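The values are calculated or read from the model by the stated rules, or taken from the named source; none is laboratory data. Just so it is clear, the structure is predicted and the values come from calculations on it, not from any experiment. Here Cβ is always computed from backbone atoms with ideal geometry, including for glycine, and neighbour counts include all displayed protein chains. Accessible surface areas use protein heavy atoms only, side chains included; no ligands, DNA or RNA. Shrake-Rupley method; radii C 1.70, N 1.55, O 1.52, S 1.80 Å.
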Amino acid sequence: MKDGSGSVVPGKRSHDLSGIFSRGRFPRILLIVLFLILIGPMTLSVCSTARAAAFRIMDQSASATGQSAAFVAQADDASAIYYNPAGMTQIPRLQISLGTMLAGGSTSFRSPQGATTSGNFGGSIASPPPSNFYVTANLKDLGLETLGDTTVGLALLSPFGIKYQYPEDAPFATATFGTTLEIIDIKPTLAYRLNEHLSFGLGADIYTFFNFWGEGQGETHIISSGAPGLPPAGSRMEINGKDTALGFNVSLLYTPFRNPAGKPLANIGLIYRSQATLQLDGQFLSEGTVLADTSTTLVLPQVITGGMALWPIRDNSHEWKVEFDTDYTGWKSFRNLDVHLSTGATIPYPQDWQSTFTIMIGTEYKWLQPAMLVNWEVAARGGYWFSQSPMPDKFYNPTFPADADNHALSIGLGLLCKAGGKLLGVIPCGKSDNDHFWARSMALDLAFKALLYEDRTVTGATNPIAIPGVLDGTYETTFYIGAINLLVNF
């Protein structure tokens with residue numbers, strides 16, 4: 001709720017919108033974004049080679065997760081730093097948000113010979129859980145008017161990551177039985193509101209690893225097949241590495257129509273996130289003994305996301321939003337994870353992934369003055385997405401859990417507590433506008449998402465150091481995600 005104002009391997013009721021597009025005011029930018037939104041579903045039907053978000057984590061706040069991440073055009077809380085930084089200009093004064101995501105579920109495997117195993121996040125819930133921290137400050141509202149209508153923000157989150165494990169006796173353990181890749185993204189961000197219709201955002205993405213967060217490096221674990229050049233068969237091997245890399249993002253938010261109170265009736269959002277390259281330097285170990293130093297190149301993909309949000313209802317007591325987004329992830333740059341050893345040898349790990357689309361539909365209905373909850377606002381959310389898998393059968397990796405096309409269903413709840421109310425019946429939510437020493441309002445956002453992966457039968461998978469054929473079989477995956485964010489408006 002808002003303010004009430006791969007592996008390292010190796011006012012009144014809002015205006016009627018029905019006449020908006022018949023007034024000769026259909027801007028060119030609207031045509032461009034509509035094309036982006038529409039081209040995604042068409043690509044799903046015609047590109048059989050383009051296969052889910054892989055190790056990209058698209059759930060970065062409970063408000064967005066409740067709408068299956070259809071949030072690029074709404075982007076009206078502090079998580080706009082991730083979803084669309086240009087949207088930060090919609091947030092008054094100072095806002096802080098802190099959240100986490102609890103991910104559970106498993107993958108079941110059956111080989112053609114009948115061997116079975118199952119994998120999960122290293123337990124019933126991924127630990128440490130992907131978490132997020134956001135802070136935005138509208139400089140004009142805070143008295144720094146010389147900088148114009150500018151908003152600054154800072155975020156700390158995990159937009160890419162994996163922690164997935166199988167038993168060491170899994171049928172395909174000579175290819176891999178566990179991968180950990182807990183990347184942290186530090187996001188200093190700036191947004192500028194040009195006028196009431198158009199805002200722009202610009203931010204940096206500093207991708208790195210923290211020693212106090214998870215393993216502090218990327219790791220892949222393998223049981224040796226005893227192939228030439230490898231330790232004796234059955235030995236437990238590890239390849240690890242870490243690095244820091246820089247990327248950037250640019251975004252815009254276009255609001256062609258507002259109601260008499262100045263709130264958007266239609267928003268168009270667009271964000272481009274650049275590619276970034278991590279040179280993961282680490283070690284190759286067998287049973288804990290270092291055999292060689294290693295270097296592996298991990299290319300994080302460029303991402304383009306566009307969407308449109310419409311508010312058929314927006315008055316003093318109710319708001320209803322519907323949003324349609326399309327996300328393109330350029331996994332085609334993820335060509336290989338070749339491991340270069342200090343001995344001069346190279347272990348080839350081709351990936352040959354394909355770029356993917358994710359189609360997202362989300363909705364939010366708000367009660368601004370519920371009779372049963374004085375000094376509160378309540379929001380109900382829901383959403384659906386369809387996401388493709390980028391991974392071909394030939395270079396299949398079972399420790400990348402998003403290994404098949406998937407469908408997501410989500411629900412969410414937002415509770416905004418204003419001055420005079422109490423959060424959880426105990427914590428005062430806010431005081432008057434004249435008191436600058438306490439929050440103006442507090443909010444709690446909750447969401448639940450079910451990720452239902454289509455069954456996938458892999459044939460012809462190859463791995464340079466594994467026993468041939470061990471990756472072939474049928475994989476069945478289901479994940480569940482719970483998200484929570486606490487948001488404070490100052």
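Key figures
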read-out: Pro398, sole failed condition from (1) outside any loop (DSSP other than H, G, I, E, B); (2) under 18 Å from Ala103 (Cβ atoms); value: (1)
read-out: Qualifying position, being open to solvent by less than 30 Å² (accessible area, probe 1.4 Å), among the small types (Gly, Ala, Ser), under 18 Å from Gln95 (Cα atoms) and not in a strand (DSSP E or B), among Gly414, Gly430; value: Gly430
read-out: Residue count, the stretch 241-290 (criterion: under 24 Å from the mean Cα position of the chain (by Cα), of a type outside the set (Gly, Ala, Ser) and part of a strand (DSSP E or B)); value: 18
read-out: Filter pass, Val299 being touching a Phe, Trp or Tyr at 6+ places or on another chain (Cβ under 6 Å), open to solvent by 20 Å² or more (accessible area, probe 1.4 Å) and within 30 Å of Gly178 (Cβ to Cβ); value: yes
read-out: Pairs with Cβ under 8 Å, 6+ apart, first in the stretch 442-470 and under 20 Å from Gly482 (Cα atoms) and open to solvent by less than 20 Å² (accessible area, probe 1.4 Å), second basic (Lys, Arg) and in a strand (DSSP E or B); value: Ala447/Arg381
read-out: Options Arg56, Arg93: the member that is of a type in the set (Lys, Arg), closer than 21 Å to Gly412 by Cβ and touching a strand residue (DSSP E or B) at 6+ places or on another chain (Cβ under 7 Å); value: Arg56
read-out: Test set (1) open to solvent by less than 50 Å² (accessible area, probe 1.4 Å); (2) part of a loop (DSSP other than H, G, I, E, B); (3) touching a strand residue (DSSP E or B) at 6+ places or on another chain (Cβ under 7 Å) - Ile125 fails condition number; value: (1)
read-out: Residue in the stretch 264-280 that is surrounded by the most Cβ atoms within 10 Å (Cβ to Cβ), counting only those that are in contact with a Phe, Trp or Tyr (Cβ under 6 Å, 6 or more places away or on another chain) and within 14 Å of Asp185 (Cβ to Cβ); value: Ala276
read-out: Sole residue being in a loop (DSSP other than H, G, I, E, B) and under 16 Å from the mean Cα position of the chain (by Cα), chosen from Ala73, Ala103; value: Ala73
read-out: Positions within the stretch 219-253 being touching a Ser or Thr at 6+ places or on another chain (Cβ under 8 Å) and under 30 Å from Asn267 (Cα atoms), in sequence order; value: Gly247, Phe248, Asn249, Leu252, Leu253
read-out: Count of the stretch 341-382 residues which are in contact with a strand residue (DSSP E or B) (Cβ under 9 Å, 6 or more places away or on another chain), open to solvent by 40 Å² or more (accessible area, probe 1.4 Å) and of a type in the set (Val, Ile, Thr); value: 4
read-out: The stretch 193-213 - residue that is open to solvent by less than 20 Å² (accessible area, probe 1.4 Å) and in contact with a helix residue (DSSP H, G or I) (Cβ under 6 Å, 6 or more places away or on another chain) and, of those, farthest from Asn138 (Cα to Cα); value: Gly203
read-out: Residues of the stretch 316-335 satisfying the condition of being open to solvent by less than 50 Å² (accessible area, probe 1.4 Å), over 15 Å from Gln275 (Cβ atoms) and modelled with pLDDT under 95; value: Ser317
read-out: Selection count where residues are modelled with pLDDT under 90 and touching an Asp or Glu at 6+ places or on another chain (Cβ under 8 Å), scope the stretch 404-430; value: 2
read-out: Residues of the stretch 398-408 classified as open to solvent by 20 Å² or more (accessible area, probe 1.4 Å) and out of contact with any Ser or Thr (no Cβ under 6 Å at 6 or more places or on another chain), total; value: 1
read-out: Check on Asp338, among the acidic types (Asp, Glu), over 30 Å from Gly420 (Cβ atoms) and open to solvent by 50 Å² or more (accessible area, probe 1.4 Å); value: no
read-out: Total residues in the stretch 173-192, condition surrounded by 23 or more Cβ atoms within 10 Å (Cβ to Cβ), among the hydroxyl-bearing types (Ser, Thr, Tyr) and under 27 Å from Ser251 (Cα atoms); value: 1
read-out: Of all residues in the stretch 302-315 being of a type outside the set (A, V, I, L, M) and open to solvent by 50 Å² or more (accessible area, probe 1.4 Å), the one that is farthest from the chain's Cα centre (by Cα); value: Pro312
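Rundown of residues vs (1) hydroxyl-bearing (Ser, Thr, Tyr); (2) assigned to a strand (DSSP E or B); (3) in contact with a His (Cβ under 9 Å, 6 or more places away or on another chain), yes/no style:
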position: Ala292; (1), (2), (3): no, yes, no
position: Val299; (1), (2), (3): no, yes, no
position: Tyr328; (1), (2), (3): yes, yes, no
position: Gly362; (1), (2), (3): no, yes, no
position: Tyr365; (1), (2), (3): yes, yes, yes
position: Pro370; (1), (2), (3): no, no, no
position: Glu377; (1), (2), (3): no, yes, no
